[in-house]
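Structure first, commentary second.
The values are calculated or read from the model by the stated rules, or taken from the named source; none is laboratory data. All figures in this text were calculated on a predicted structure; none of them were measured in a lab. Cβ sites come from the backbone with ideal geometry, for glycine too, and all protein chains shown count toward neighbours. All accessible areas refer to the heavy atoms of the entire protein, side chains included, with ligands and DNA or RNA removed. Shrake-Rupley method; radii C 1.70, N 1.55, O 1.52, S 1.80 Å.
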Amino acid sequence: PEWASKPISNVYLEIIKNGVNIDRVDISKDKFTVFGRSSEVASVLLDHPSVSRRHAALVYHGANNRFYLIDLQSATGTQVNDEQVKPLTPTTVKENFTFKFGSSSKHFILKGTVNTNPSSSSSSSSSSSSEPKTVTCRHLLVKHQGSRNPSSWRESKITRTKERAIAKLNEYRATIISGSATFEDLAHKNSDCSSAKRGGYLDPFKRGQMQRPFEDCAFSLKVGEVSGIVDTDSGVHIIERLA
């Protein structure tokens, strides 16, 4: 599309398969990244038979400071945070959003977008002036076997894979977005963090108090917004900003 432009930060995709981080793809050098089975048109090749030759494209819109994923009328569809997207319709993809193509077991997670805004990267003072000093959030944590402490109040020994943890979290997020349940209720019942007893509520925190990926995502959210998947040493999270 005419509005495509090159990202100004070191944006990349983390590729997860069967719960294991198998690769990292730099997407900072091109205006768009095409996913598919054909080496003639795709910059990220996928060999799964359900993936179309030219399946989808991830495009950066500089004026909006936002990435969009566009399904290119694929035969089997594209999912963002476990929700099917409409063909030829740009769908917003933010930091830590997860997407997949057809029935492929590979999941892609967008990383490194926090500093894609020219105004924030050109001046640390302008960044700090536009950002709140503290944020208040809820979160829902799902641990996996690779978490730094694979146990919780719910399970003494957690053996699920990272991929399964991401899948569970995407199910919870879809339930929240659909209005079928509240973030607070699902966090209370399912979070592997001790904050579950408070519906996932966390006291207000400043920069430097949380793990960096969690902190970056929390500060990038609008009040009332629910994040995509956030990956930290503790496990995988979704976050709802409250204030």
For the chain, the longest site-free run once GluC sites (Glu not before Pro) in DSSP loop states with at most 12 other Cβ atoms within 10 Å are removed: 41-154
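What accessible area per residue comes out for the range 12-111, rounded to a whole number of Å², with a 1.4 Å probe?
Averaged over the residues of the range 12-111, the accessible area is 47 Å².
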Extension gain (nm, one decimal) between residue 211 and residue 133, 0.36 nm per residue minus Cα-Cα: 26.4 nm
Segment residue 88-residue 6, extension gain: residue separation times 0.36 nm, minus the distance between their alpha carbons: 27.5 nm
D (Stokes-Einstein, µm²/s), Kirkwood Cα radius, the chain, 0.692 mPa s at 37 °C: 176 µm²/s
Alpha carbon centroid spacing (whole Å) that separates the range 130-196 from the range 201-243: 12 Å
Neighbour net charge for residue 156 - beta-carbon separation under 15 angstrom, K R +1, D E -1: +2
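How much of the accessible area of the range 135-241, probe 1.4 Å, is carbon plus sulfur, in whole percent?
46 percent
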Antiparallel bridge percentage (DSSP; both residues within the chain; nearest 5): 95 percent
Exposure rule at most 15 other beta-carbon atoms within 10 Å, DSSP loop chymotrypsin sites (Phe, Trp or Tyr not before Pro): the chain longest free segment: 4-152
Anisotropy class of the range 167-220 from Cα gyration tensor, a/c 1.5 cut: prolate
Shape call, the range 12-111: gyration tensor on alpha carbons, a/c limit 1.5: rounded
Solvent accessible area, Å² - residue 138, 1.4 Å probe, full protein context: 40 Å²
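Excluding residue 202 itself, calculate the net charge of residues whose Cβ lies under 13 Å from the Cβ of residue 202, where each Lys or Arg counts +1 and each Asp or Glu counts -1.
Result for the local shell: +1.
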DSSP H segments from the chain that extend 20 Å or more along their own axis, Cα-based, with Kyte-Doolittle mean of -0.5 or above: 162-178
Virtual spin-label span in nm between residue 145 and residue 73, 7 Å along Cα→Cβ: 4.3 nm
